[in-house]
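Since every read-out is calculated from the coordinates, none of them should be taken as a lab result. Computed from a prediction, not measured in an experiment: that's the story for all the values here. Neighbour counts are summed over all protein chains in view; Cβ atoms, including those assigned to glycine, are modelled from backbone coordinates with ideal geometry.
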């Protein structure tokens, strides 16, 4: 298994960061196998969605509906409402697997592998790519 | 790794399509390893739930509650409210892994591997099965 | 692939049970690869979240908001509102993968691998750990 930790820049605002090109480069020439994407943070996840037509903003807006940034949360560290960021990974998991065929991600046309982070307290984050040869 | 793309018929209505028998046949005789199920679409996901006692309809109904098919969505292509279908894969991910032992899915008694698609614009879809020998 | 089924005690109350230490022991000395955690039940999932600062209770409370234990569910077996437990695994999936490097889980500082079960009808449950060498 080949595994690498990469830096991701979110800038301290709720973010959907498209990692697809970086994932594609990571598995380029790797043959067949499984790409595993893992977020080593307790307030971020991986979503495979379309970007560029508004769905990334739709996701962040709907997360504000489903997990409101209000005072309901027992977890009270960090910025106000930050407790909701700690519940997010239960619903948008910090792990994803994608098949790789002949060194290429077997994604659909509109699918993009995205880092989802609503935590405003940490502008710099990390993600781990691992490739399991099949 | 053995990998195959299969057709899935949803008929253009919100659907929970049980893929378990097809998955079981795919890994039959394959030994130990991991089945990875992957949906190459930006508006569908994989859920491992019970079917046949109403939970498939419960899931579709609750998705209408949590991701309403209204005009809140920035993504405005396709049928009215279709933007919500593009947020669905963040919550019902397009990937799943299931352990395989001696060529059999290590599922619980009531678990079924299901294709969840609320997109009414595409009656025919695809799913990819991959088996990683362990 | 090495695979083991383990017992998990939930006690018949909505539970977030931290499995991290058990996972770490399972992969100890295993080299590089992927840990797959799988729940063979139709009413429970795996969440990788922080525990010990209230987020486990926050998750259970928010699940009561998003999937209310009321009479909306078509699935009518078991305790009142139990139908919602059967929808839970679509949102909190019963599977997770975690990279393992030199026999250690590549988790972030605050991440814990947790069994999430809101089913009050079954005090004893199971989880399967599988390790795929990479």
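Mean-square fluctuations from a GNM of chain C, with a 10 angstrom spring cutoff on Cα atoms, peak among C:54, C:81, C:103 at C:54. Of the candidates C:42, C:106, C:53, which one comes out as most mobile in a Gaussian network treatment of chain C with C-alpha springs shorter than 10 Å? It is C:53. Remark: mean inter-chain Cβ contacts per residue of C:61-74 equal 4, using a 10 Å Cβ-Cβ cutoff to other protein chain atoms. Look at the stretch C:104-111: the mean tally of other chain Cβ atoms within 10 Å of its residues' Cβ atoms is 5. Distance from the Cα centre of region C:95-132 to that of region C:15-80, in angstrom? Using only Cα atoms, the two centres lie 8 Å from each other. Working ranking of peptides C:6-13, C:20-27 by packing, defined as the average number of other Cβ atoms within 10 Å per residue, highest first, is C:20-27, C:6-13. With a 10 Å cut-off around each Cβ of C:19-29, the average count of Cβ atoms from other chains is 0. By its C-alpha gyration tensor, with a ≥ b ≥ c as the square roots of the eigenvalues, how is the protein assembly as shown shaped: rounded for a/c under 1.5, else prolate for a/b larger than b/c, else oblate? Rounded, because the longest to shortest axis ratio a/c is under 1.5. Here the simple spin-label model places points 7 Å from the Cα toward Cβ, and for residue B:5 and residue A:72 these points are separated by 4.1 nm. Report summary: the helix-based calculation at 222 nm, which adds -39500 (n - 2.57) for every DSSP H run with n ≥ 4 and divides by the residues of chain A, gives -6500 deg cm²/dmol.
Shown for C:131, B:115, B:38: other C-beta atoms within 10 Å of each C-beta, ranked fewest to most, produce the order C:131, B:115, B:38. Taking a label point 7 Å out from Cα toward Cβ, give me the nm distances from residue C:123 to the same spot in the other copies, shortest first, one decimal. Counterpart label points of residue C:123 in the remaining copies fall at 5.3, 5.3 nm. The other copies place their residue A:11 label points at 4.7, 4.7 nm from this one, listed shortest first, where each point is 7 Å from Cα along Cα→Cβ.
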